[in-house]
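**Student:** Here it is, the structure in full.
The values are calculated or read from the model by the stated rules, or taken from the named source; none is laboratory data. Bear in mind the structure is a predicted one, so any value in this text is a computation, not a measurement. Cβ atoms come from the backbone with ideal geometry, glycine included; neighbour counts cover every protein chain shown. These area figures cover heavy atoms from the full protein model, side chains too; ligands, DNA and RNA do not enter into them. Shrake-Rupley method; radii C 1.70, N 1.55, O 1.52, S 1.80 Å.
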Amino acid sequence: MIGLLGISHKTASLDIRGQYTFLTEEIQPFYEEVQQATDITDMVVLSTCNRTEIYFSQNKYPSKRAFELILAQVNQFKKPENSHAEYFYRKKDEDVARHLFEVIAGFDSMVIGEDQIIGQVKDAYLHCTKANMTDAVLMRLFQKSFEAGKRVRTETAIKVGATSVSAAAVEVCNNLVDDLSQKKVLLIGAGDTAGIALQSLVKKGVTDFSVSNRTLEKAEHLAKRYNGSTIPFEHYPNHLASHDIVMVVTSSPEYLIDKEMVTTVQKEPNGHQQIFIDLSVPRNVEESVGTLPGVQLFGVDDLKQNIAENTEKRMVAVESARPIIDEVVAEFCDWYASRSLRPAIKAIKANLQRVNQEELSGYKKIDSEDVQRQVDEYTNHLTQRYARILIKNLKEITDNGRDAESLRIINELFKVNE
């Protein structure tokens, strides 16, 4: 079976799903624990600000038991406050393929049609593949997902008017201030999401900004791209009060900004207003910061209303893209189902070849070498012809491997287990 255990912005709040975020360096240790505890050896872990999803391939356990084991390992590894089992969705086989293809096409994103999810899925897949965590089934599944995502974006209008969570955050800032181009911005983080956010800020006319990141080289690289400045990571707390907008986009598992920190450096009340944007999961800005006078705090989930206003036109494109998803799902499922026929096909060919050789062995003793060669060619041709006919009928009878009872009878008929 192919399985998917996941939690997303559609099923859980930011605080709950933040407890299940996987850093890149956590994925392989988690996989090794799962492998040791369950013998499930094939897996892809996808973790973004909107979702944590664990795709796996296994035939050792019934599906219900497999999901229980994976969730138990997730809870053991992440140690959340509670199990939160009710917030997780569980999908298998065709439903897994359909879900993944819709995710990478942007159907399931907070911002429908956004492009960032493509890179996130590719990075997760490549990381797990390089770590030898994936089998042929998962490799085929993810490769078909990239095909689905590309087709949806090139054959439909889903990207028209599409944006990103980062761009939506900038829109919120733009709507809250008189002139965004005159505001001073501090960006904490220098990854892909931070880069998209900064690009959106610059497009709105922002020129006075600083970037702070644990790795100073990454901060300098991003700031230089748009002629900005940098602040050493250990010094950013001292600069909070001097910026109108503070945007935090990191993968830190802990708060980088808390109420006490902001209170300590905050200027005397003089009407100065500050906006804090926290695009991190789990939260990097303590919620109580938003209760301070003159401070407005927005998290990932707070951006939903702004995003919803731009969603309607992209929903039309989603409907036009569904036939594409249906087509690629059918192609994958045909391939996946046909894998169950491989033992029977191998047995059919082996049995025909064995009968052929047994019958020829006695005949070859009484005829010339030239005649034997001609008979060999003829019988091999006949064997291959019958094999093709049998395999064609086998696929029809078993619905390309989907009919389990018919497949069982075929396997018994050709002694597949032997």
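**Student:** For Ile112, all conditions in the list (1) β-branched (Val, Ile, Thr); (2) in a helix (DSSP H, G or I); (3) at pLDDT below 95 hold save one; what is the number of the exception?
**Tutor:** (2)
Residue-wise test of (1) open to solvent by 40 Å² or more (accessible area, probe 1.4 Å); (2) in a helix (DSSP H, G or I).
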| residue | (1), (2) |
| --- | --- |
| Gln28 | yes, yes |
| Val44 | no, no |
| Arg65 | yes, yes |
| Ile70 | no, yes |
| Asn82 | yes, no |
| Val103 | no, yes |
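**Student:** Output the qualifying pairs, or none if there are none: Cβ atoms under 6 angstrom, residues six or more apart or on different chains, first residue in region 206-229 and aromatic (Phe, Trp, Tyr), second residue in a loop (DSSP other than H, G, I, E, B).
**Tutor:** What qualifies is Phe209/Gly228.
**Student:** Looking at (1) touching a strand residue (DSSP E or B) at 6+ places or on another chain (Cβ under 6 Å); (2) at pLDDT 95 or above, which is the only condition Asp135 fails?
**Tutor:** (2) is the only condition that Asp135 fails.
**Student:** Say we look at region 46-63 and pick out the residues that are closer than 18 Å to Leu100 by Cα and assigned to a loop (DSSP other than H, G, I, E, B); which of these is farthest from the chain's Cα centre (by Cα)?
**Tutor:** My answer is Gln58.
To keep it simple, each residue is scored yes or no on (1) charged (D, E, K, R); (2) open to solvent by 50 Å² or more (accessible area, probe 1.4 Å); (3) at pLDDT 95 or above; (4) in contact with a strand residue (DSSP E or B) (Cβ under 9 Å, 6 or more places away or on another chain).
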site	(1), (2), (3), (4)
Met139	no, yes, yes, no
Val160	no, yes, no, no
Val165	no, no, no, no
Ala197	no, no, no, yes
Phe209	no, no, yes, yes
Ala223	no, no, yes, yes
Ser229	no, yes, yes, yes
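**Student:** From the residues in region 311-356 that are among the hydroxyl-bearing types (Ser, Thr, Tyr), modelled with pLDDT of 70 or more and surrounded by fewer than 18 Cβ atoms within 10 Å (Cβ to Cβ), which one is farthest from Val165 (Cα to Cα)?
**Tutor:** Filtering region 311-356 for residues that are among the hydroxyl-bearing types (Ser, Thr, Tyr), modelled with pLDDT of 70 or more and surrounded by fewer than 18 Cβ atoms within 10 Å (Cβ to Cβ), the one farthest from Val165 (Cα to Cα) comes out as Ser338.
**Student:** Identify all residues within region 80-92 that are modelled with pLDDT of 90 or more and in contact with a helix residue (DSSP H, G or I) (Cβ under 7 Å, 6 or more places away or on another chain); write none if there are none.
**Tutor:** If we filter region 80-92 for residues that are modelled with pLDDT of 90 or more, which is where we start, we get 80, 84-92.
Once the filter is applied, which keeps residues that are modelled with pLDDT of 90 or more and in contact with a helix residue (DSSP H, G or I) (Cβ under 7 Å, 6 or more places away or on another chain), region 80-92 yields Pro80, His84, Ala85, Tyr87, Phe88, Arg90, Lys91, Lys92.
**Student:** Let me ask something additional. Between a first residue in region 166-182 that is touching a residue at least 12 places away in the same chain (Cβ under 8 Å) and a second residue that is hydrophobic (A, V, I, L, M, F, W, C) and open to solvent by 30 Å² or more (accessible area, probe 1.4 Å), which pairs have beta carbons less than 8 Å apart while being 6 or more apart in sequence or on different chains?
**Tutor:** Note: pairs meeting the criteria are Ser166/Ile196; Ala167/Ile196; Ala169/Phe298; Val172/Phe298.
**Student:** Of all residues in region 32-42, which are open to solvent by 30 Å² or more (accessible area, probe 1.4 Å) and part of a loop (DSSP other than H, G, I, E, B)?
**Tutor:** Listed by number, the residues that qualify are Asp39, Thr41.
**Student:** Could we say that Phe107 is assigned to a helix (DSSP H, G or I), more than 25 Å from Arg225 (Cβ to Cβ) and either within 21 Å of the chain's Cα centre (by Cα) or free of Cβ contacts under 8 Å to residues at least 60 places away in the same chain (or both) here? Quick ask: steps written out before the conclusion?
**Tutor:** Numbers: assigned to a helix (DSSP H, G or I): no; more than 25 Å from Arg225 (Cβ to Cβ): yes; either within 21 Å of the chain's Cα centre (by Cα) or free of Cβ contacts under 8 Å to residues at least 60 places away in the same chain (or both): yes.
In short, no.
**Student:** If you check Gln36, Gln73, Gln19, which single one turns out to be in contact with a Pro (Cβ under 6 Å, 6 or more places away or on another chain) and farther than 25 Å from Ala337 by Cβ?
**Tutor:** When all the criteria are applied, what remains is Gln19.
**Student:** For the subset of region 211-221 comprising residues that are aliphatic (A, V, I, L, M) and in a helix (DSSP H, G or I), which member is surrounded by the most Cβ atoms within 10 Å (Cβ to Cβ)?
**Tutor:** My answer is Ala219.
**Student:** Pairs needed: first member in region 1-15, among the hydroxyl-bearing types (Ser, Thr, Tyr) and at pLDDT below 95; second member anywhere, outside any strand (DSSP E or B) and open to solvent by 20 Å² or more (accessible area, probe 1.4 Å); C-beta distance under 8 Å; at least 6 residues apart or different chains.
**Tutor:** Ser13/Asp301
**Student:** Please work out which residue is nearest to Lys130 (Cα to Cα), limiting yourself to region 10-26 and to residues that are of a type in the set (Val, Ile, Thr) and assigned to a helix (DSSP H, G or I).
**Tutor:** Of the residues in region 10-26, the ones of a type in the set (Val, Ile, Thr) are 11, 16, 21, 24.
Adding the requirement that they be assigned to a helix (DSSP H, G or I) leaves 16, 24.
Numbers: Ile16: 30, Thr24: 13 Å.
Selected residue: Thr24.
**Student:** Take Ser145 and tell me if it is more than 30 Å from Met315 (Cβ to Cβ) and either at pLDDT 95 or above or surrounded by fewer than 19 Cβ atoms within 10 Å (Cβ to Cβ) (or both). Before the answer, list the steps.
**Tutor:** Working: more than 30 Å from Met315 (Cβ to Cβ): no; either at pLDDT 95 or above or surrounded by fewer than 19 Cβ atoms within 10 Å (Cβ to Cβ) (or both): yes.
Judged against the criteria, Ser145 is not a match.
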